[in-house]
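A quick write-up on the structure given underneath.
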Amino acid sequence: MLLWLGVLGVVLLVAAPFLWDWTRPTPEIRDAPGELVALGHGATHYRWFGPEEGPVVVAVHGLTTPMQAWQAVAEQLGQDGYRVLCYDLYGRGYSDPPVEKQDKAHFLGQLTDLLSDQGIDEPFVLMGFSMGGAIVTDFAAAQPARVAQLVLVAPAGITQTSWDVAAQKGARALWNAWVFFGVKRVAFLRDLKKAAGQPSEVANIVPTQIWQLNQAGFWPAVRSSGRDFLGAEHAEAHRVIRDHDIPVLAIWAEEDDVIPLANMGKFARWNPKAQHEVIRGADHAVAYTHGREIAALVKARIEAL
């Protein structure tokens, strides 16, 4: 009897992180601040900022942040006369959980579908934060005629990060999958709670991220993104962008320990034509701690072209 109880205990311990995720609720759509549209792989939550007649800017968020990470930037650019479109990647915020692996084709498919649905046909400014930087880089390389300018904020895709390494190690091994779904979740929640008292230009951004942890599909989406998308450098895509003379503004955070400032040198070798700016005193949360400063840099760059 004791042996069987011990076996049952081990089974429950191993299964607990996976069962926890499978029993998570889906987001309450009525609480969504934006609109929802049915696209190729589910509903996508999006929101426009700024005047309808303004030049279009499209913003893509990162691995673990919802689209609210862009809110301070979008609101300021909107006040400056730009029309900014933000949206939640599948499995984040109020967009549906993913139904397929989150690889390059997946992310470009969602963005392309949304642009088509919203009738965005003319070249536009495309911005990406963290993993969103890798997504928009691949989009610009695949469809260069559609991108008037590329803005990369603390962009992934230059070197591997701790997130994608953790996901890759868990791709085949049950133990590492358990660590990712269990231990990693606890560690991420702890870090978010520590950040709750830090200054931010976006109200409730940390509580929103904590809420997101408890929504169905979030952790599978994060793990798949790391395993199926973030594992490779995006050197060739950056070279394609260089060869098509797409203007690039890369914005780095001085104290970033996720996408370190040292990546700027490697990026500059891939695309010597890119312009670089450094936000002093900022860490990887730069998009929502220094949003107005980012918006000012973006506005100045657009007006200079």
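The values are calculated or read from the model by the stated rules, or taken from the named source; none is laboratory data. Remember, predicted model here, so these are calculated numbers, not experimental data. Counting neighbours? That spans all protein chains shown, and the Cβs are built from the backbone with ideal geometry, glycine included. The area values use the complete protein model at the heavy-atom level, side chains included, leaving out ligands, DNA and RNA. Shrake-Rupley method; radii C 1.70, N 1.55, O 1.52, S 1.80 Å.
When the residues of segment 99-108 are filtered to those that are part of a helix (DSSP H, G or I) and without any contact (Cβ under 8 Å) to a residue 60 or more places away in the chain, which remaining residue is least open to solvent (accessible area, probe 1.4 Å)? The qualifying residue least open to solvent (accessible area, probe 1.4 Å) is L108.
For segment 222-240, name all the residues that are surrounded by fewer than 23 Cβ atoms within 10 Å (Cβ to Cβ), assigned to a helix (DSSP H, G or I) and in contact (Cβ under 8 Å) with a residue 60 or more places away in the chain. Passing the criteria: S224, R227, D228, E236, A237, V240. The condition of being within 27 Å of K101 (Cβ to Cβ) and open to solvent by 60 Å² or more (accessible area, probe 1.4 Å) holds for only one of W211, W219, W270, that being W211. Listed conditions (1) β-branched (V, I, T); (2) under 26 Å from G78 (Cα atoms); (3) open to solvent by 30 Å² or more (accessible area, probe 1.4 Å) are all met by I294, apart from (3).
Applying the criterion of at least 1 residues that are in contact with a His (Cβ under 6 Å, 6 or more places away or on another chain), open to solvent by 20 Å² or more (accessible area, probe 1.4 Å) and not acidic (D, E) to the strands (runs of 3 or more DSSP E) found wholly in segment 24-98 leaves 35-39. T159 versus (1) part of a loop (DSSP other than H, G, I, E, B); (2) over 16 Å from A237 (Cβ atoms): which is the lone unmet condition? In the conditions (1) part of a loop (DSSP other than H, G, I, E, B); (2) over 16 Å from A237 (Cβ atoms), T159 misses (2) alone.
So for segment 246-260 (the condition being part of a helix (DSSP H, G or I) and either of a type outside the set (F, W, Y) or under 25 Å from T65 (Cα atoms) (or both)), does at least one residue qualify?
Checked segment 246-260: no residue is part of a helix (DSSP H, G or I) and either of a type outside the set (F, W, Y) or under 25 Å from T65 (Cα atoms) (or both).
If you take the residues of segment 261-273 that are in a loop (DSSP other than H, G, I, E, B) and aliphatic (A, V, I, L, M), which of them is nearest to Q149 (Cα to Cα)? That would be L261. Screening segment 255-267 for residues that are at pLDDT 95 or above and either over 22 Å from the mean Cα position of the chain (by Cα) or among the acidic types (D, E) (or both) and picking the one that is least open to solvent (accessible area, probe 1.4 Å) gives D256. Selection within segment 157-176: residues that are open to solvent by less than 10 Å² (accessible area, probe 1.4 Å) and of a type in the set (A, V, I, L, M, F, W, C). The member of this set that is modelled with the highest pLDDT is I158.
Yes or no: R227 among the charged types (D, E, K, R), modelled with pLDDT under 95 and either out of contact with any His (no Cβ under 8 Å at 6 or more places or on another chain) or closer than 22 Å to Q149 by Cα (or both)?
yes
Say whether the condition of being under 19 Å from A285 (Cα atoms) and modelled with pLDDT under 85 is met by at least one residue in segment 209-219. Checking segment 209-219: at least one residue is under 19 Å from A285 (Cα atoms) and modelled with pLDDT under 85.
Residues in segment 109-156 that are open to solvent by 10 Å² or more (accessible area, probe 1.4 Å), part of a helix (DSSP H, G or I) and β-branched (V, I, T): 1 in all. Residues of segment 274-305 that are in a loop (DSSP other than H, G, I, E, B) and in contact with an Asp or Glu (Cβ under 7 Å, 6 or more places away or on another chain): R280, G281, A282, D283, H284.
For segment 279-288, the count of residues that are loosely packed, with under 15 Cβ neighbours inside 10 Å and modelled with pLDDT under 95 is zero.
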